[in-house]
1. Under the definition of Cα pairs under 8 Å and six or more residues apart, what whole-number percent is the relative contact order of the chain?
2. Given the options Val146, Thr72, Ala50, identify the residue whose Cα lies farthest towards the positive end of the charge dipole of the chain (+1 on Cβ of Lys, Arg; -1 on Cβ of Asp, Glu).
3. List the residues, sorted by chain then number, that are 5 or more residues from Val298 or on another chain and whose placed amide H is less than 5 Å from its amide H.
4. Just read off the accessible area of Met204 with the full protein assembly in place, 1.4 Å probe, to the nearest 10 Å².
5. Suppose every K and R has +1 on its Cβ and every D and E has -1 on its Cβ; what is the size of the dipole of segment 131-300 about the Cα centre, in Debye to the nearest 20?
6. How do His240, His39 rank by accessible surface area computed with a 1.4 Å probe, from largest to smallest?
7. For the chain, take the convex hull of the Cα atoms, compute a quarter of its surface area, and give me that in nm², please.
8. Considering the dipole of segment 1-134 built from charges on the beta carbon (Lys and Arg +1, Asp and Glu -1) around the Cα centre, which of Leu91, Phe133, Ser17 is farthest to its positive end?
Amino acid sequence: MTRILGIETSCDETSASVIEGAGDDVAMRSLVILSQDVHRVFGGVVPEIASRQHLTAIVPVVTRALDDAGATLETIDAIAVTHAPGLVGALLVGVSFAKALAFGRGIPCLGVHHMEGHLFGTALEHADALPPFTALLVSGGHTMIVDVPEWGRYELLGRTRDDAAGEAFDKVAKLLGLPYPGGPHVERLAATGDPSRFRFARPMLRRDQQPGDAEYYDLSFSGLKTAVLNAVHGATPEDHPHIARAFHDAIVETLVEKTARAVAQRGRTRVVLGGGVAGNRTLVAAMRARMKRHHAEVFAPSARIATDNAAMIARAGLFHLERGMRSPLDLNAFASLPLPGLVSA
Ligand code: KG4
Ligand code: ZN
């Protein structure tokens, strides 16, 4: 039984968590997520402010996570910390703090890739969200369709060519005058819209695409965002729910169809969703309905685990710890970094 402290500071959430377990038998003992509300007044994350707020919050957040778990630093076996990708200044707060704590205690410190954290996160809530599976990772910074034959082996089938899915939600929210982060607001507004009033083309989704084409799995959302922009310019505020609905329908259908292609091609019977946009209930329902045809089960995290959190980082860290990984003391933070364990087809 190993007990891990996870730390996540890649964007605008300061989070710490204690998990314990072995292999895929893992229990979350605590999870603290402090969201930085300050960015709302700027309509997006201001990196310098994010770093400062992480600095202020990191000690109380970690202390609280240890207390909630009934743990002390002396009973922690290893520390896992997000070291990439994300805002470098924000990441560095978590990385420096984790390294200092681990060095002081003489325990291992492990740098974890944020998107690998999202891959593992869903398993914290669903014991069967285990490989082999097809994953759809949809966050504010990334959008990927990944085939996962086993933990640590990831085949990137498709990715966005431009904006991430969450970014598209946030930009469309701005166009519609909704607050940041926009995803949940757009989802709610879209639910009140009439689906027959507006229609946007499904981006990069055509029937004649073949499995060998890069566009078969790849995604693109910037054209959709421009289509929304044009629609908003020619419309009245009463049309906003209908525009939100048309946008929502287009993005959900595209994500679901491309994921279905991956499931069919790889013959997977499990689909794991991860990342902030996986908290979208409309997307999850559409994915479940579509996957019935493939007899594939869909596992989606709760909004709390979909969003950035340290428990998923600790969970991925445990896997690497058990495989003997230890990060050196010069572990650094990186704004972008390929997912570790990427294999080609
Ligand atoms: O994974 P995450 O918390 O942070 C990143 O790693 O980027 O994802 C945040 C993104 C934001 O763009 C937010 O608008 C989006 O997830 N999001 C949603 C929903 N909840 C959060 N997008 C659509 N529908 C939602 N219900
Ligand atoms: Zn994330």
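The values are calculated or read from the model by the stated rules, or taken from the named source; none is laboratory data. These figures come from a predicted structure and were not determined experimentally. As a convention, Cβ positions derive from the backbone with ideal geometry for all residues, glycine included, and neighbour counts pool all protein chains shown. Please note that ligands, DNA and RNA were not included when accessible areas were found on the heavy atoms of the full protein model with its side chains. Shrake-Rupley method; radii C 1.70, N 1.55, O 1.52, S 1.80 Å.
1. 25
2. Val146
3. Amide H to amide H, under 5 Å and 5 or more residues apart or across chains, Val298 pairs with Val271.
4. 40
5. Charge dipole, segment 131-300, about its Cα centre: 400 debye, nearest 20.
6. Values: His240 40, His39 0 Å².
The ranking, largest first, comes out as His240, His39.
7. So the mean shadow area of the Cα hull is 16.7 nm².
8. Ranked along the dipole, the leading option is Leu91.
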